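Asker: Dumping the structure here so I can ask a few things about it.
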Amino acid sequence: MTQLSLFQKPAPAPLPPDLDFIRKHLKALLRLAKAAELMPWGPAEASKWERFFPELTRQLPPEEGAKLREAFAREMDRLRSRP
């Protein structure tokens, strides 16, 4: 049996989000939605992106995030209105 140390090293501080990585992927999702004539995702995945896209945009500067959220919501509305 081993004994745990009373003086464990503190956990390292979390890394800040990689804004370029987030921005790149959000813009790729938006390009895919804009290029699509029909919903490019199944119901579960579309629902997932409708939840996660706004969360991810909140990591970006407020104005940039708001523009991306608005554009994505507009495209999702357009795609959902298609038969």
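Asker: Taking 8 Å as the Cα distance limit and 6 or more residues as the minimum spacing, I'd like the relative contact order of the chain as a percentage.
Answerer: Values: 41 pairs, mean separation 29.5, N = 83.
It comes to 35 percent, rounded to a whole number.
Asker: Treating only the Cβ atoms of Lys and Arg (+1) and Asp and Glu (-1) as charged, compute the dipole magnitude of the chain about its Cα centre; round to the nearest 20 debye.
Answerer: That gives a dipole near 120 debye.
Asker: Same structure again: Rounded to the nearest 10 degrees, what's the angle between the helix 62-81 long axis and the longest principal axis of the chain, both from Cα atoms, 0 to 90?
Answerer: 50
Asker: If one takes the longest principal axis of the Cα atoms in the chain, at what angle in degrees, from 0 to 90 and to the nearest 10, does the Cα axis of helix 19-35 lie?
Answerer: In the chain, helix 19-35 runs at an angle near 20 degrees to the longest axis.
Asker: If the viscosity is 0.692 mPa s and the temperature 37 °C, what Stokes-Einstein diffusion coefficient in µm²/s follows for the chain when Rh is the Kirkwood radius over Cα pairs? Write down the numbers at each step before the final one.
Answerer: Working: Rh = 15.1 Å.
The Stokes-Einstein estimate is 218 µm²/s.
Asker: Are there any chymotrypsin sites (Phe, Trp or Tyr not before Pro) in the stretch 7-64 that are in a DSSP loop and have at most 11 other Cβ atoms within 10 Å? List them by number. List each step's numbers first, then the result.
Answerer: Numbers: sites: Phe7, Phe21, Trp41, Trp49, Phe52; in loops: Phe7, Trp41.
Qualifying residues, ordered by number: Phe7.
Asker: Kindly provide the GluC sites (Glu not before Pro) of the stretch 1-53 that DSSP labels as loop, not H, G, I, E or B, and whose Cβ sees at most 11 other Cβ atoms within 10 Å.
Answerer: Sparse-neighbourhood loop GluC sites (Glu not before Pro): Glu37.
Asker: With axes computed from alpha carbons, what is the tilt in degrees of helix 43-57 against the longest principal axis of the chain, rounded to the nearest 10 within 0 to 90?
Answerer: 60
Since every read-out is calculated from the coordinates, none of them should be taken as a lab result. The structure displayed is predicted, hence computed values, not measured ones. Using ideal geometry, Cβ is built from the backbone for each residue, glycine included, and neighbour counts are taken over all protein chains shown.
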